[in-house]
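Some notes on the structure that comes next.
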């Protein structure tokens, strides 16, 4: 499993204009070429008129095919038929049968209404617009889709794009007799934020990779956060939804969905199952640790402790997890900034080196205040004060306030925002304990309700089963959202820019209009 996206190479291919479509078709067949968004080599050509001619040609061919079908409709002395094309045409008449591609069939005893007539096909044979080149529909499609990515120098076309490092030798061998060159992305002369990102992940990370895309795409030289999301998401979900029985239900549901989706070819459901399976196991594991099974705490013994009996300890544990998560995010932010070559831009950022020093100082104050570590406590105070003074001095320097008192006031506000941001984000992790306690309280209410119906065992068991199902669905969704929020806002904001672009190889669409 790679910790970083695949290495990319830039491919620049000078191909004669007459062979451009052939070259694009070759690149599409490889499935490993990502064209640049906008070619900077040569001049671009305006092909809008060519595209209009192509669309008009296909429209007329389609009209002729439909009109030929109209001739084969059954004859009826009381009905007249007409074919046409238009959007939202059904509201104009009740005698319309909609088809594909906005085509409709009108049938009536009289002539079509005037508002319908303007949308009907003409029975005359209009000339087909001429096209300068004889190409297949797939080749025309590639030309139109890559128009912005192709440069032109006299009679030559310049194809510019990206190729994964693992495919470089294949391209070199295929283009050995062509005017083409391949260079690493770092030596391509283009900004790193324009290099597409292609991940090499294990299959079980597919679902978490999809969740990661909800936040944004990792930069080319940034660390792949999907493994970190998988670990943190599974851990926190299990703690917040700790129940052996309910967790096993999620696990088994994930297995069934995964098996069905693989047979049916449903990739979206398969990725969902890849998330459901591990979080279900995690919930079952923490259910054993906390002694909870299908909302009851008397069916299995607690292997560790029961959260309701150690609330303060559990809240402290949640805060420690939050501290470790935030500190890791800050450290990874500095690491990614160094790899991306933007170290100077984050020196005075809240989540830059000053932020890391300040937060490590907060951790030192917290640990030194709880345990008798006087040196750690004093070192934490020094780190916090030093980082706050540095942040205030920098803000006072860059604002250039005319009034010194106004400048000091703005610097104080900046430091206040700087410190409060970290404190609030740390306290935000208390929701891990809060949702665990809420889960236990809701389960206790369900057990009490079912026990109060002991006079009717069938009713008590029905309420118990339905209640557990409701908890699995409703609370499962809430916990899922909260865990995702903790990672997105308290973790990924420290080191994921979300400004990258996914590697999307050039391909021929199965259906194109």
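Derivation of every value follows stated rules applied to the coordinates shown; laboratory data play no part. All of these numbers come straight from a predicted model, not from anything done at the bench. When we count neighbours, we look across all protein chains shown, and the Cβ atoms used for this are built from the backbone with ideal geometry, even at glycine.
Listed highest first by mean packing, meaning other Cβ atoms within 10 Å per residue, what order do 440-450, 346-356, 231-241 come in?
Result, highest mean Cβ count within 10 Å first: 231-241, 346-356, 440-450.
If you count, for each residue, the other Cβ atoms within 10 Å and average over each peptide, how do 455-465, 178-188 line up from highest to lowest?
Going by the mean number of other Cβ atoms within 10 Å, highest first, we get 178-188, 455-465.
Under 13 Å from the 7 Å Cα→Cβ point of residue 349, by amide nitrogen: which residues of region 486-503?
492-500
What is the Cα centroid distance between region 456-500 and region 317-393, reported in whole angstrom?
Answer, in whole Å: 31.
Hey, can you rank 274-285, 308-319, 25-36 by average C-beta count inside 10 Å, highest first?
Packing proxy ranking, top to bottom: 274-285, 25-36, 308-319.
Given Cα pairs under 8 Å that are at least 6 residues apart, what percent is the relative contact order of region 204-494?
The value is 20 percent.
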